[in-house]
Amino acid sequence: MSSLEAPPNYLDVLVVPASDRHAAQGAYGAILDGGLGALVLRGAFEPAALAAASARLSALEVPEHLRHAPVVSRLDEPAMGVVGRCMRLSGLEDYPKSAAETRALFGQIFDDPEGLEGGVAAFLRELSGGEVRSPPGAFAPALISRLRGGAEIPYHFDNFVLLEETAFRLVAPLIESRTLLNVQVPLQRPDAGGHLELASYHWDDFVQAGAPRPDAHVDTPARDATHHRLVELEVGDMLLFDAGRICHRVTPVVGARERLTYVVHTAPLRDGSGVAYFT
Ligand SMILES: O=C(O)CCC(=O)C(=O)O
C-alpha cells in the first residue's frame, strides 16, 4: 500500500433496510469517523413514484440554463448533463434565483415536490439525531445527474468541486466543510454500468502526505489504487457516503436507457446540532 492509500475498511459498504434505524444510525457515525465507506438504505423510497418522475422528466423540455453542465465538468461529453442549477454552477449573486427555478422545475417532475426532499431530510434527521437545516426557497432541493450511454464521471473529490465555487460561501460558515456527505437516490438505472466506484485514496492522505492539492480529476492515481469498491444501487435506495474525503467516480454507462440520479450534498453543522443539506 502506498502512503497515499486509506485502509481497506474505509471502503466498506453497508446495506441495511431503510426501516432499520438502529443499524443506520450506527453506520452514519462510522462514516463520520472514517470507519465505513458508504451506507445504503434499501427501500427508502417508493420505486413506482420515482419511475413516474423519471418518465415526466424524460418528456420535459428542460430550459437550457437548467441543464447545461455535468456534475464534474467534461464539457466535451455530450452524454452528460444535470437537471437543475446548483451552487457549483452559479455565482453568489445568481444562486438564490437559480435555486428557486430549480425548485419550480422539480415541482413539474415530482408528484409531491416536497416528498423526496422531505424524505431525505427526515432520514438525515434520524441518522444524525439532530436538526436538518435547509431553508426552503433559499437552497436548490437537489440536482438530477443525467448520464446517457457512453458517459462516465472521472475520479474526483467533491470538496474541491464545491469549495472553489463562490455560491458555496452561502453554506460554508455553517458547516464542517471537509466532510461532505453525498446523498444519492437512483431514479432510473441504465441498462448496464453507471455504478458508483470508490477508490482507496482519500483527501486526508493527500493532506497528511503534504501533497499538493490534487486536481478535481484524479483519474490516474485513483485507477492505480489497490482497493476499489463498486456500489450497486437499486431504484429507491438512499446512498450516503463522504464524497469530500473518498475518491469516487461513476463507471461508464452502457445502453440506451438513461441513468438518472437525485444528488444532494449534506454536511455536519459546525455547532454539532445536526446537518445542513444543500446543492
Ligand atoms: O452519481 C452521479 O451521477 C454523481 C455522483 C458524483 O460523482 C458526485 O455527485 O460527486
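Test G115 against the stated conditions and say whether it is away from the ligand (no atom under 16 Å from the Cβ) and free of Cβ contacts under 8 Å to residues at least 12 places away in the same chain.
no
Six or more apart or on different chains, Cβ atoms under 9 Å: show the pairs whose first residue is in the range 242-256 and at negative phi and more than 11 Å from the ligand (Cβ to nearest atom) and whose second is of a type in the set (F, W, Y) and assigned to a loop (DSSP other than H, G, I, E, B).
What qualifies is R245/F157.
Counting only residues that are modelled with pLDDT under 85, give me the strands (runs of 3 or more DSSP E) lying completely in the range 53-164 with at least 1 of them.
80-83, 131-133, 153-156
Mind listing whichever residues of the range 219-233 are surrounded by 14 or more Cβ atoms within 10 Å (Cβ to Cβ), part of a strand (DSSP E or B) and hydrophobic (A, V, I, L, M, F, W, C)?
Once the filter is applied, which keeps residues that are surrounded by 14 or more Cβ atoms within 10 Å (Cβ to Cβ), part of a strand (DSSP E or B) and hydrophobic (A, V, I, L, M, F, W, C), the range 219-233 yields only V231.
Hey, among A199, A211, A243, A216, which residue is surrounded by 14 or more Cβ atoms within 10 Å (Cβ to Cβ) and at pLDDT below 80?
Every option except A216 fails the conditions.
Return the residues of the range 258-273 that are more than 10 Å from the ligand (Cβ to nearest atom) and surrounded by 17 or more Cβ atoms within 10 Å (Cβ to Cβ); say none if nothing qualifies.
E258, T266, A267, P268, L269
The values are calculated or read from the model by the stated rules, or taken from the named source; none is laboratory data. Quick caveat: nothing in here was measured; it's all calculated off a predicted structure. In this analysis, Cβ positions are derived from the backbone assuming ideal geometry, glycine residues included, and neighbour counts consider all displayed protein chains.
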